[in-house]
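Below is one structure, written out as structure tokens, with a few remarks after it.
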Amino acid sequence: MLRISTFEVADGPVTLHLDGQVSGKWVGLLQSTCEAHLSKGVRVSLDLKNVSFADRDGIALLRGMRDCGVVIRNASPFVAEQISQKLC
């Protein structure tokens, strides 16, 4: 399960606080939520403080979001290491 809480600041980035696991069908939910904000030209920040696990697809999404300018904050050392690893 993944809960996404949205916090908006006037003229600032939208912060999405994630609670749970970025895995399975929840990867698509996170992707569509991020894309909805990004398509409006809004900067997005992800707070992963309460993320306990991310599967392969979740890590790929987080890596792609980071590469597109989404700021990732408060990831556990394990998840942060997976996001930062090079694929090749």
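When residues in the range 32-47 are screened for being touching a strand residue (DSSP E or B) at 6+ places or on another chain (Cβ under 7 Å), of a type in the set (A, V, I, L, M, F, W, C) and farther than 12 Å from MET65 by Cα, 1 of them pass. Scanning the range 37-53 for residues that are among the aliphatic types (A, V, I, L, M) and assigned to a loop (DSSP other than H, G, I, E, B) gives a single hit, VAL42.
Each row is one residue, and each column tells you yes or no for (1) surrounded by fewer than 16 Cβ atoms within 10 Å (Cβ to Cβ); (2) in contact with a helix residue (DSSP H, G or I) (Cβ under 8 Å, 6 or more places away or on another chain); (3) of a type in the set (Gly, Ala, Ser); (4) modelled with pLDDT under 95.
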{"position": "THR15", "(1), (2), (3), (4)": "no, no, no, no"}
{"position": "GLY20", "(1), (2), (3), (4)": "yes, yes, yes, no"}
{"position": "VAL27", "(1), (2), (3), (4)": "no, yes, no, no"}
{"position": "SER39", "(1), (2), (3), (4)": "yes, no, yes, yes"}
{"position": "VAL51", "(1), (2), (3), (4)": "no, yes, no, no"}
{"position": "LEU61", "(1), (2), (3), (4)": "no, yes, no, no"}
{"position": "LYS86", "(1), (2), (3), (4)": "yes, no, no, yes"}
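Screening ASN74 with (1) among the polar types (S, T, N, Q); (2) more than 9 Å from the chain's Cα centre (by Cα); (3) farther than 22 Å from VAL9 by Cβ gives one miss only, at (3). The set of residues in the range 1-36 that are over 18 Å from PHE53 (Cβ atoms) and within 10 Å of the chain's Cα centre (by Cα) comprises THR15, THR33, CYS34.
Is it the case that ALA54 is free of Cβ contacts under 8 Å to residues at least 24 places away in the same chain and of a type outside the set (Val, Ile, Thr)? In short, no. Please go through the range 1-36 and pick out each residue that is under 22 Å from SER76 (Cα atoms), of a type in the set (A, V, I, L, M) and assigned to a helix (DSSP H, G or I). Once the filter is applied, which keeps residues that are under 22 Å from SER76 (Cα atoms), of a type in the set (A, V, I, L, M) and assigned to a helix (DSSP H, G or I), the range 1-36 yields VAL27, LEU29, LEU30. Please indicate, with yes or no, whether at least one residue in the range 62-84 is in contact (Cβ under 8 Å) with a residue 40 or more places away in the chain and in a loop (DSSP other than H, G, I, E, B). No, the range 62-84 contains no residue that is in contact (Cβ under 8 Å) with a residue 40 or more places away in the chain and in a loop (DSSP other than H, G, I, E, B). Within the range 39-82, being within 12 Å of LEU18 (Cβ to Cβ) and among the acidic types (Asp, Glu) holds for one residue alone: ASP47.
The values are calculated or read from the model by the stated rules, or taken from the named source; none is laboratory data. Since the model is a prediction, treat every value here as computed from it, not as a measurement. FYI the Cβ positions are ideal-geometry reconstructions off the backbone, even for glycines, and counts take in every protein chain you see.
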